[in-house]
Every structure is written in structure tokens, then in C-alpha cells.
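The values are calculated or read from the model by the stated rules, or taken from the named source; none is laboratory data. As the structure is a prediction and not an experimental result, all values here were calculated from the model. A quick note on method: Cβ atoms are made from the backbone with ideal geometry, for glycine too, and the neighbour counts reach across all protein chains shown. SASA here: full protein model, heavy atoms, side chains in, ligands and nucleic acids out. Shrake-Rupley method; radii C 1.70, N 1.55, O 1.52, S 1.80 Å.
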Amino acid sequence: MSKSSFLKQFFKQKKMVGSIAPSSRFLSAKMLNHLPLKQAKFIVELGPGNGVFTEKILAKMGDDSQLLVIELNEEFHKALSTKITHPNFNLFHDSADQLGVLLQKMGGDKADIIISSLPLANFPIDLRDSLLDIIQTYLKDDGYFVQFQYSLQAKKYIKKRFPSTKINFTPLNLPPAFVYSCQKTA
């Protein structure tokens with residue numbers, strides 16, 4: 001998907017698309033480099049957009065890992081379905097609130113790692129809280145949750161569910177972003 005198509009989706013669906021440009025390689029590194037992708041059985045990506053993180057996850061994950069990708073935006077979903085053909089790539093045109101159902105479809109009950117690009121700041125409070133509760137529910141104990149945002153607005157809501165949260169800043173992204181790296185404690 002071209003940068004102009006990405007921008008078009010931003011203006012068309014501002015509540016669902018949180019950025020004017022795809023994520024940078026610098027943001028990708030801060031989101032993914034610390035995760036044990038090779039050892040994970042079930043990896044979930046929420047709101048992959050044009051698949052910047054998706055391709056990097058697929059390159060780093062183990063041969064037995066399964067990547068479950070949930071994209072609600074029609075254009076992004078269509079682009080991803082033609083762009084990526086990896087055998088362990090499982091793309092669903094659905095809402096992130098269906099995470100539990102989709103994990104069960106794939107024979108799993110909890111994810112080892114959940115990577116989210118959902119624009120939480122754009123969502124109504126009830127939806128944001130519900131999605132964070134779902135993520136916490138379907139992440140295994142000692143599992144990893146990584147979320148990026150363009151502000152610290154979601155900090156208290158994420159830390160409430162994941163007390164073990166580290167926040168990194170990525171200035172080399174358009175716009176600059178904060179990466180919330182969380183580990184679920186038992």
C-alpha cells in the first residue's frame with residue numbers, strides 16, 4: 001500500500017487509523033526487538049495497518065509460531081491479504097474485541113505476545129477499557145503486550161492492567177511515538 005493510500009485512509013477513518021504515515025523502522029525496532037518471537041506459539045497483532053510490523057514479526061518468529069492478525073479496516077485488510085502469503089500468517093477481517101474467539105478458531109486459548117497499533121486515544125473510553133481488558137484476559141501469564149501511542153494519554157489505563165510497564169520514546173517516527181512494553185505477571 002502506498003503512502004498516499006495510507007494517508008487517504010487516515011482522513012477517511014480517523015477514529016480507526018491513528019497516523020498519517022506508516023510506522024518507521026525505528027519504531028519497529030523498539031516495538032519488536034526485545035520480544036521472544038522465536039519461542040512464542042501464538043503471536044497476535046492488532047491493527048496492523050499496512051503490515052510494517054507484520055513482515056518483521058514473520059521474519060523473526062519461529063517455524064512453529066502462528067501469527068494471528070486482526071484488521072478491521074477494509075482497505076488495509078485487502079492490501080495485507082494480497083501482500084503476505086506466509087504459511088503461518090492468519091489474517092482476520094474483524095474487530096480486536098473478537099480476540100478470544102479468533103484464538104480459539106486457531107486452536108489456542110491465550111497469546112504469548114500481543115502487539116498493538118490500535119489508536120487507543122481515538123476510541124471512546126468504554127471501548128478502550130474493554131479492549132485493554134480483553135488483551136489482559138487473552139494474554140498468558142508472563143506474556144508480553146506491546147502498544148504504541150502518540151501521547152501518554154493511555155498510560156494510567158495500561159499500567160492499571162499491566163503494572164510491569166516500561167515506556168520508551170521514539171522521536172524518529174512520524175509522528176514521534178511512545179512504546180508501552182508490558183509483561184503480564186501471574
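Please indicate, with yes or no, whether at least one residue in the stretch 118-129 is among the charged types (D, E, K, R) and out of contact with any Phe, Trp or Tyr (no Cβ under 9 Å at 6 or more places or on another chain).
Narrowing the stretch 118-129 to residues among the charged types (D, E, K, R): 126, 128-129.
Restricting the remaining residues to those that are out of contact with any Phe, Trp or Tyr (no Cβ under 9 Å at 6 or more places or on another chain) gives 126.
Yes, the conditions are met somewhere in the stretch 118-129.
Any chance the stretch 142-151 includes a residue that's farther than 27 Å from HIS77 by Cα and in contact with a Ser or Thr (Cβ under 7 Å, 6 or more places away or on another chain)?
Here is the first cut: in the stretch 142-151, the ones farther than 27 Å from HIS77 by Cα are 142.
With the extra rule that they be in contact with a Ser or Thr (Cβ under 7 Å, 6 or more places away or on another chain), the set shrinks to none.
No.
How about the stretch 90-186: which helices (runs of 4 or more DSSP H) wholly inside it have at least 1 residues that are of a type in the set (A, V, I, L, M) and surrounded by fewer than 16 Cβ atoms within 10 Å (Cβ to Cβ)?
Where helices (runs of 4 or more DSSP H) fall fully within the stretch 90-186 and carry at least 1 residues being of a type in the set (A, V, I, L, M) and surrounded by fewer than 16 Cβ atoms within 10 Å (Cβ to Cβ), they are 99-105, 125-137.
Among the residues in the stretch 106-124, are any farther than 18 Å from THR185 by Cα and among the basic types (Lys, Arg)? So that I can check it myself, show each step before the final result.
Quick first cut of the stretch 106-124, residues farther than 18 Å from THR185 by Cα only: 106-108, 116-124.
Filter again for among the basic types (Lys, Arg), leaving none.
No, every residue in the stretch 106-124 fails to be farther than 18 Å from THR185 by Cα and among the basic types (Lys, Arg).
From LEU58, LEU67, LEU72, grab the single residue that is open to solvent by 10 Å² or more (accessible area, probe 1.4 Å) and touching a strand residue (DSSP E or B) at 6+ places or on another chain (Cβ under 9 Å). Write out each step before concluding.
Working: LEU67 fails: open to solvent by 10 Å² or more (accessible area, probe 1.4 Å); LEU72 fails: touching a strand residue (DSSP E or B) at 6+ places or on another chain (Cβ under 9 Å).
So the residue among LEU58, LEU67, LEU72 that is open to solvent by 10 Å² or more (accessible area, probe 1.4 Å) and touching a strand residue (DSSP E or B) at 6+ places or on another chain (Cβ under 9 Å) is LEU58.
Can you run down the residue pairs with Cβ atoms below 8 Å, 6 or more apart or on separate chains, where the first is in the stretch 129-158 and over 12 Å from ILE115 (Cα atoms) and the partner is at pLDDT below 95 and among the aromatic types (Phe, Trp, Tyr)?
As it stands, the answer is LEU131/PHE123, since those pairs meet every condition given.
Consider PHE169 against the criteria (1) in contact (Cβ under 8 Å) with a residue 12 or more places away in the chain; (2) in contact with a Pro (Cβ under 8 Å, 6 or more places away or on another chain): it satisfies all of them except one. Which criterion is unmet?
Only one criterion is unmet by PHE169, namely (1).
Please pick out the residue among SER23, SER4 that is open to solvent by 20 Å² or more (accessible area, probe 1.4 Å), in a loop (DSSP other than H, G, I, E, B), out of contact with any Asp or Glu (no Cβ under 9 Å at 6 or more places or on another chain) and at pLDDT below 95. Break it down into steps so the answer makes sense when it comes.
Numbers: SER4 fails: in a loop (DSSP other than H, G, I, E, B).
Within the list SER23, SER4, the selection yields SER23.
Every residue in the stretch 75-110 that is within 12 Å of VAL44 (Cβ to Cβ), touching a residue at least 40 places away in the same chain (Cβ under 8 Å) and touching a helix residue (DSSP H, G or I) at 6+ places or on another chain (Cβ under 8 Å), please.
Within the stretch 75-110, ALA96, LEU99, LYS110 meet the criteria.
State the number of residues belonging to the stretch 55-74 that are out of contact with any Leu (no Cβ under 7 Å at 6 or more places or on another chain) and either part of a helix (DSSP H, G or I) or closer than 24 Å to LEU174 by Cβ (or both).
Looking only at that region, the number is 5.
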